[in-house]
Structures are given as structure tokens and as C-alpha cells.
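All of the numbers you see were taken from the coordinates with simple rules; none came from a lab. Everything quoted here is computed from the prediction, not taken from an experiment. Note that we place each Cβ from the backbone using ideal geometry, even for glycine, and neighbour counts take in every protein chain shown.
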Amino acid sequence: MSILAHAVVEHLHLMRKRTYVFDGDNVRYGLCLDLGFGFGLEERKENLRRIAEMVKLFLDYGVISLTAFISHLAEDRARIREIIGPNDFIEVYCDSSM
């Protein structure tokens, strides 16, 4: 997922768009460091909430923000859509083997 998000960002940069990719690597070691690495259900919810709040701030500043995270629960994705806003939230489902 991160590879795909970074490929899209690279294309957008060529179009002179301001972008940022939020993924497990750049979020886990800063914004969500206190959640640890073995996320339980509540930690996953909090991780996604924090990311959604950051994305909202970036969008307010005019930065196209892509995220690459696993989100199994529809209720979590609905909450993220609510935080970000339905006009700025586009969900992309990727199904690939490891």
C-alpha cells in the first residue's frame, strides 16, 4: 500500500501538487510512538483517529494527503470519513498477496 501511495505522490509532484503520504513507518515512530508496535483493537482505533486528525490539518492547509494503513473495521473507516469529511475522503481497497 505504501508503495502505491508513494507512486501516486510522485506523479502528483510532477504535476506540481503539494502532497504528503502518511504510512506506518512515518507515523509509528513519532505521532503514535506511545501506542507501541503490537497494536490491540483500541490502539488501532486511536492510531487511525490520530492519523485522520493530522490529515484533516494537512488538507486544511491545501496538501493532498494519502494514507496507507490497514483498517479492517467499517466503523473505523466511517469515523475517519466523519473526521476528514466525505468530500475529502476517498477510500481505496487494495487486495494483494504479501
> Around Phe22, which amide H atoms from residues at least 5 apart in sequence, or from another chain, sit under 5 Å from its own amide H, with H modelled in the peptide plane?
Replying inline: Leu66, Thr67, Ala68
>> Is the C-alpha gyration tensor of the range 57-98 telling us rounded, prolate or oblate? Criteria: a/c under 1.5 is rounded; beyond that, a/b larger than b/c is prolate, otherwise oblate.
In response: oblate
> How big is the charge dipole of the chain about its Cα centre, in debye rounded to the nearest 20, if each Lys and Arg gets +1 on its Cβ and each Asp and Glu gets -1 on its Cβ?
Replying inline: 280
>> For q values of 0.20, 0.23, 0.24, 0.25 Å⁻¹, compute log₁₀ I(q)/I(0) with the Debye formula on a Cα-only model of the range 5-98, without solvent.
In response: -1.08, -1.36, -1.43, -1.49
>> Report the Cα centroid-to-centroid distance between the range 62-79 and the range 1-31 in angstrom, as an integer.
In response: 13
>> How much length would be gained if the chain were fully extended between Arg28 and Glu75, taking 0.36 nm per residue of separation minus their Cα-Cα distance, in nm to one decimal?
In response: 14.7 nm
> What ranking do His72, His6 get, fewest neighbouring Cβ atoms within 10 angstrom at the top?
Replying inline: His72, His6
> Which is the longest part of the chain that has none of the trypsin sites (Lys or Arg not before Pro) sitting in a DSSP loop with at most 15 other Cβ atoms within 10 Å?
Replying inline: 19-98
> If Lys and Arg each add +1 and Asp and Glu each add -1, what is the summed charge of the other residues whose beta carbon sits under 10 Å from the beta carbon of Asp88?
Replying inline: +1
> Relative to the first principal axis of the alpha-carbon coordinates of the chain, what is the inclination of helix 2-14, with its axis defined by its Cα atoms, in degrees from 0 to 90 and to the nearest 10?
Replying inline: 20
